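A.B. asks: Following this message is one structure expressed as structure tokens.
The values are calculated or read from the model by the stated rules, or taken from the named source; none is laboratory data. If you're wondering where the values come from, they're calculated on a predicted model, not measured in any experiment. Positions of Cβ are backbone-derived with ideal geometry, glycine not excepted, and every protein chain shown enters the neighbour counts.
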Amino acid sequence: MPRVRTIFLSDIHLGTRACQAERLLDFLREHPADELYLLGDIVDFWAMKRGIHWNAAQNTVVQKVLRRARHGERVVFVPGNHDEALRDYIDTAFGDIRVMDEAIHTLRDGRRFLLMHGDAFDQVTRHHRWVAVLGDVSYTWLVRANRWISWLRRKLGLAGYWSLAGYAKRRVKRALNFIFDFEESAVRHAAARGLDGIVCGHIHSAAIKQVDGLAYINCGDWVDSCTAIVEHLDGRLELVEWHATAPLALPREAEERIAA
């Protein structure tokens with residue numbers, strides 16, 4: 001299988017029912033790499049305070065990442081707001097995985113990118129945590145509803161993946177303004193550091209674009225969009241969407257009712 005130079009992942013949200021661990025495993029099997037950056041919200045400690053959902057596939061994700069690190073792949077973990085407890089362990093290592101507050105990555109073509117989770121650019125998360133928690137709960141319900149909608153669309157023979165959460169982001173003006181402000185803040189931060197761009201996550205909105213003359217790269221997530229950023233061996237960056245190649249499972253709630 002073709003090897004890539006670097007993989008960037010964020011917002012996996014292990015420990016939640018919404019985590020698309022099976023799809024992530026499929027993606028990782030198809031993408032051996034030299035370096036793997038985990039850019040925050042890998043484990044969702046916020047949601048786990050309300051209730052833990054940790055299945056076999058999520059456990060396999062952790063084991064696979066540890067195995068890749070053990071076999072020589074450089075793995076760097078940059079914590080986000082949902083796994084911020086791990087920020088107490090900055091500059092330490094768990095096995096062969098290095099925990100860092102941020103990182104600088106140099107592409108094969110020489111461009112230098114700042115790697116962060118991105119919650120530092122979110123004024124709601126920084127200054128109004130209760131609003132962020134409320135929004136997180138609402139987003140979780142949107143994602144759960146979307147699993148039913150996607151399953152129903154398949155049964156009706158409707159082609160393509162459709163995201164209820166993504167539709168809400170595109171249609172709600174306030175959400176669009178938030179995304180635009182976030183992108184501009186992230187790029188300004190990278191520019192102030194004299195870098196060529198930024199790779200981040202946090203807002204669950206995958207992108208590769210130019211903002212004010214710099215590269216803005218967002219990994220997306222593995223609860224809804226199932227996206228990752230990969231750097232190919234020539235330094236080219238690609239946004240990979242993993243819906244087309246992974247099967248869409250029956251929602252677990254439906255499985256339980258059928259079994260009953």
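A.B. asks: Before we move on, is Asp88 assigned to a strand (DSSP E or B), surrounded by fewer than 17 Cβ atoms within 10 Å (Cβ to Cβ) and among the acidic types (Asp, Glu)? Show your work before the answer.
C.D. replies: Details: assigned to a strand (DSSP E or B): no; surrounded by fewer than 17 Cβ atoms within 10 Å (Cβ to Cβ): yes; among the acidic types (Asp, Glu): yes.
Considered against the rule, which asks whether it is assigned to a strand (DSSP E or B), surrounded by fewer than 17 Cβ atoms within 10 Å (Cβ to Cβ) and among the acidic types (Asp, Glu), Asp88 comes out as no.
A.B. asks: Could I ask something else about it? When both residues are 6+ apart or on different chains and their Cβ atoms are under 6 Å apart, which pairs have a first residue that lies in the range 72-98 and is more than 18 Å from Asp11 (Cβ to Cβ), and a second that is part of a loop (DSSP other than H, G, I, E, B)?
C.D. replies: From residues that are more than 18 Å from Asp11 (Cβ to Cβ), the pairs are Ile90/Asp101.
A.B. asks: Oh, and also: If I ask for residues that are surrounded by fewer than 19 Cβ atoms within 10 Å (Cβ to Cβ) and assigned to a helix (DSSP H, G or I), which ones from the range 55-85 would you list?
C.D. replies: Listed by number, the residues that qualify are Ala56, Ala57, Asn59, Thr60, Val62, Gln63, Lys64, Leu66, Arg67, Arg70, Glu84, Ala85.
A.B. asks: Moving to a separate point now. Assess whether Ile208 counts as being out of contact with any helix residue (DSSP H, G or I) (no Cβ under 8 Å at 6 or more places or on another chain), buried (at least 24 other Cβ atoms within 10 Å of the Cβ) and not in a loop (DSSP other than H, G, I, E, B). Give the steps one after another, and end with the answer.
C.D. replies: Numbers: out of contact with any helix residue (DSSP H, G or I) (no Cβ under 8 Å at 6 or more places or on another chain): yes; buried (at least 24 other Cβ atoms within 10 Å of the Cβ): no; not in a loop (DSSP other than H, G, I, E, B): yes.
It is false that Ile208 is out of contact with any helix residue (DSSP H, G or I) (no Cβ under 8 Å at 6 or more places or on another chain), buried (at least 24 other Cβ atoms within 10 Å of the Cβ) and not in a loop (DSSP other than H, G, I, E, B).
A.B. asks: Got a number for residues in the range 180-201 being crowded, with 23+ Cβ neighbours inside 10 Å and at pLDDT below 95?
C.D. replies: Selection size over the range 180-201: 0.
A.B. asks: Could you count how many residues in the range 211-236 are in contact (Cβ under 8 Å) with a residue 40 or more places away in the chain and part of a strand (DSSP E or B)?
C.D. replies: Total satisfying the criteria: 7.
A.B. asks: Let me ask something else about it. I need every pair where a residue in the range 7-22 that is touching a residue at least 12 places away in the same chain (Cβ under 8 Å) has its Cβ under 6 Å from the Cβ of a residue that is among the aromatic types (Phe, Trp, Tyr) and in a loop (DSSP other than H, G, I, E, B), sequence separation at least 6 or different chains.
C.D. replies: Sorted first by the residue in the range 7-22, then by its partner, the pairs are Ile12/Trp222; Gly15/Trp54; Gln20/Trp222.
A.B. asks: Follow-up question, since we're still on this one. Can you tell which of Val223, Val230 is more than 30 Å from Asp109 (Cβ to Cβ) and either in contact with a His (Cβ under 6 Å, 6 or more places away or on another chain) or modelled with pLDDT of 85 or more (or both)?
C.D. replies: Details: Val230 fails: more than 30 Å from Asp109 (Cβ to Cβ).
Of Val223, Val230, the one residue that is more than 30 Å from Asp109 (Cβ to Cβ) and either in contact with a His (Cβ under 6 Å, 6 or more places away or on another chain) or modelled with pLDDT of 85 or more (or both) is Val223.
A.B. asks: Could I ask something else about it? Could you tell me which of the residues Gly220, Gly197, Gly201 is of a type outside the set (Phe, Trp, Tyr) and in contact with a Cys (Cβ under 6 Å, 6 or more places away or on another chain)? Give the steps one after another, and end with the answer.
C.D. replies: Numbers: Gly220 fails: in contact with a Cys (Cβ under 6 Å, 6 or more places away or on another chain); Gly197 fails: in contact with a Cys (Cβ under 6 Å, 6 or more places away or on another chain).
Sole residue among the options that is of a type outside the set (Phe, Trp, Tyr) and in contact with a Cys (Cβ under 6 Å, 6 or more places away or on another chain): Gly201.
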